[in-house]
Amino acid sequence: MDVLISAPDLSDALASDRPPVVLDVRWKLGGPPGHGEYLRGHIPGAVYVDLETELSTHGEPTDGRHPLPTAEALQASARRWGIDEGDTVVVYDGEGNLSSARAWWLLRWAGVADVRILDGALPAWIAAGRLLATDDVSPAPGSVTLTPGALPTIGADEAGSFGGVLLDARAGERFRGETEPVDPKAGHIPGAVSAPTTGNLAADGRFLEPAALRARFAAVGADGGRPVAAYCGSGVTAAHEVAALAIVGIDAALYPGSWSQWSNLDLPVATGA
């Protein structure tokens, strides 16, 4: 699958007869919400997407911090964003695409065939000399029909007994159990290996070249020869890991509940490297 689009290619696509739907998914753990940043400058025509209310739902701590939205809720949001059947969708955020990858994964999981991540996110658009808009875009409602299940997921039981390579996309110090700023327990799922999401990116916020990504994942055992799954704190940045693996042709499952679910359950915890 094609995962990325460059800023110049997006600019050309926006000038075409059928421009893509562009989604601005700026979000940071703990806030503030990204809508204010969106209003200060976004790609012309881009629709703001709220990760907390549109790309996740909320329940008990044992569900994790960002459970997947229901199919009905996600479809209602996608139609609010103006997505019709057959549309190409492009997602981006303020830096690195660590939050917008959640929208990429959700829409691909829900059956939208062509979803791209703007490589380098908004800084790449600005660096390419493209203009920003400050309006609050509200498109005509779309008509897309979503059917979840196009990408694989695993639950806590499968994560605990995963027979392939289980990647932990959080920072290394959280994996090792040296610190845990958000969740009730420190450490990682036994058997997981550390592969922080930030390692997918070059200094300019773009994804590493495919050869470098392939070598990075091969070094932790994810070379395509065994099943691969990924988790993070709450299933957000792990979607970035799944995208990086897709760039090099490796299919990976997502554990949506991730550590925020696992650490709220009576399950074993490992620490150290």
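Couple of notes before you dig in:
- Computed accessible area, S143, all protein chains, 1.4 angstrom probe, square angstrom: 60
- Alpha-carbon Rg/Rh ratio, for region 1-120, with Rh computed the Kirkwood way: 0.95
- Debye-formula intensities of region 193-273, expressed as log10 I(q)/I(0) at q = 0.12, 0.14, 0.17, 0.24 Å⁻¹, are -0.36, -0.48, -0.69, -1.19 (one equal scatterer per alpha-carbon, no solvent).
- Based on Cα contacts under 8 Å between residues 6+ apart, the chain shows a relative contact order of 23 percent.
- Each Lys or Arg adds one and each Asp or Glu subtracts one; over the other residues with Cβ under 12 Å from the Cβ of P8, this totals -2.
- Average projection area in nm² (convex hull over Cα atoms of the chain, one quarter of hull surface): 13.5
- Leading residue at positive end of dipole, the chain (Cβ point charges), from H66, P8, V248: V248
- Accessible area per residue for region 137-226, computed on protein heavy atoms with a 1.4 Å probe, is 48 Å².
- Among the protein heavy atoms of region 230-273, carbon and sulfur supply 49% of the accessible surface, probe 1.4 Å, non-protein parts ignored.
- Residues whose placed amide H lies under 5 Å from that of V91, excluding near-sequence neighbours: L23, R116, I117, L118
- Equivalent ellipsoid of region 54-202: semi-axes from √(5λ) of the C-alpha gyration tensor, largest first, are 30, 21, 14 Å.
- Point-charge dipole on Cβ atoms (K/R +1, D/E -1) for region 203-273, about Cα centre, debye to 20: 100
- Distance from the C-alpha centroid of region 23-62 to that of region 182-221: 24 Å, rounded to the whole angstrom.
- Among G221, L118, V21 the positive-end extreme of the charge dipole of the chain (Cβ point charges): G221
- A Förster distance of 35 Å, applied to the separation of the beta-carbon atoms of D63 and A211, puts the FRET efficiency at 0.35.
- Dipole in debye (nearest 20) - region 145-273, about Cα centre, beta carbon charges: Lys, Arg +1; Asp, Glu -1: 200
- Alpha-carbon Debye profile of region 59-105, log10 I(q)/I(0) at 0.25, 0.31 Å⁻¹: -1.07, -1.15
- Near the amide H of W27, within less than 5 Å, lie the amide hydrogens of G94, all on another chain or at least 5 residues away, with H placed in the peptide plane.
- Solvent-accessible surface of region 16-136, averaged per residue with a 1.4 angstrom probe and all protein chains in place: 40 square angstrom.
- Histogram of C-alpha separations across region 128-186, 5 Å bin width, %: 4, 10, 11, 11, 13, 8, 11, 16, 13, 4
- What a 1.4 Å probe finds exposed on region 1-128 is 53% carbon and sulfur by accessible area, rounded to a whole percent.
- Per-residue ellipticity at 222 nm from helix content only, as computed over the chain with -39500 (n - 2.57) for each DSSP H run of at least four residues, stands at -7500 deg cm²/dmol.
- Options W105, S263, H188, ranked by Cα towards positive dipole end of the chain, top entry (Cβ charges): H188
- Summarising the strand pairing of region 158-273, around 20 percent of its internal DSSP beta bridges are antiparallel.
The values are calculated or read from the model by the stated rules, or taken from the named source; none is laboratory data. These numbers come from a predicted model, not from an experiment. A quick note on method: Cβ atoms are made from the backbone with ideal geometry, for glycine too, and the neighbour counts reach across all protein chains shown. For accessibility, only protein heavy atoms count, side chains too; no ligands or nucleic acids. Shrake-Rupley method; radii C 1.70, N 1.55, O 1.52, S 1.80 Å.
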